[in-house]
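K.L.:
One structure follows; several queries about it will come next.
The values are calculated or read from the model by the stated rules, or taken from the named source; none is laboratory data. Just so it is clear, the structure is predicted and the values come from calculations on it, not from any experiment. Positions of Cβ are backbone-derived with ideal geometry, glycine not excepted, and every protein chain shown enters the neighbour counts. Note: areas computed on protein heavy atoms with side chains; ligands, DNA, RNA excluded. Shrake-Rupley method; radii C 1.70, N 1.55, O 1.52, S 1.80 Å.
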Amino acid sequence: MCEVHRHFSFNRRQLGALFAGAGGLALLPLRARAADIEALALTCIDYRLVDDGVKFFNSIHLTKEYDQVALAGASLAAVSPKFPSSNAAVWDHVVIAKQLHHIKKVIFLDHRDCGAYRVAFGKDFAAAGEAEAAQHKGVMQQAKAMLAQKHPDLGCEGYLMALNGTAEKLI
Ligand SMILES: [Zn+2]
């Protein structure tokens, strides 16, 4: 059922009358108009941090200002050859978010103890501390460089979330 039906319960004849008059345009729901929002957020899928992710984006004043893609590894999903279908999904959605909502930047929200990083890096996986942050930062810089190549008009930020929900800015 379309938005107009749900909100106003007009029948087909009444709808026709509504849109026949130019004045009807003013009654279009706000959501039907093109929206401009700040960002596309790329997060991991990890169940432990879904709620903290929302809280984090609220805390940086992005409530209802971001589209979201969740793929294992977050920034890693954009660049790792281990996850080719994720790579494609990320870059497709950057284009979609630009077309639909005219985003201004992409935000990577990685997290510590990430299973996707463990898979991709194998024995070189950095499990904690500064080494782990550095590993995420390296991947984010790769993803940022690829973004700059594909979409030089978009900004980029990257954060690393700890399992307690606190986040640090890496790029
Ligand atoms: Zn993860």
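K.L.:
Given axes a ≥ b ≥ c from the Cα gyration tensor, I'd like to know whether the range 35-169 is rounded (a/c under 1.5), prolate (a/b larger than b/c) or oblate.
P.N.:
oblate
K.L.:
Per residue, how much accessible area does the range 54-171 show when a 1.4 Å probe rolls over the protein heavy atoms, in square angstrom?
P.N.:
Per-residue value: 50 Å².
K.L.:
At what distance in nm do the modelled label points of residue 166 and residue 145 sit from each other, each positioned 7 Å from its Cα along Cα→Cβ?
P.N.:
It works out to 3.2 nm between the two label points.
K.L.:
I've got another one for you. Which percent of the accessible area of the range 35-169 is formed by carbon and sulfur heavy atoms (probe 1.4 angstrom)?
P.N.:
The nonpolar share, carbon plus sulfur, comes to 57 percent.
K.L.:
Structure shown: which of 105/150; 98/144; 82/137; 55/82; 123/169 lie over 23 Å apart, alpha-carbon to alpha-carbon?
P.N.:
Those over the limit are 55/82; 123/169.
K.L.:
Oh, and also: If you plug each phi of the range 163-171 into the Karplus form 6.51 cos²θ - 1.76 cosθ + 1.60 with θ = phi - 60°, what whole-Hz ³J(HN,Hα) values come out, in order, with x for Gly and Pro?
P.N.:
These are the phi-based 3J(HN,Hα) values: 5, 8, x, 7, 10, 10, 7, 9, 9 Hz.
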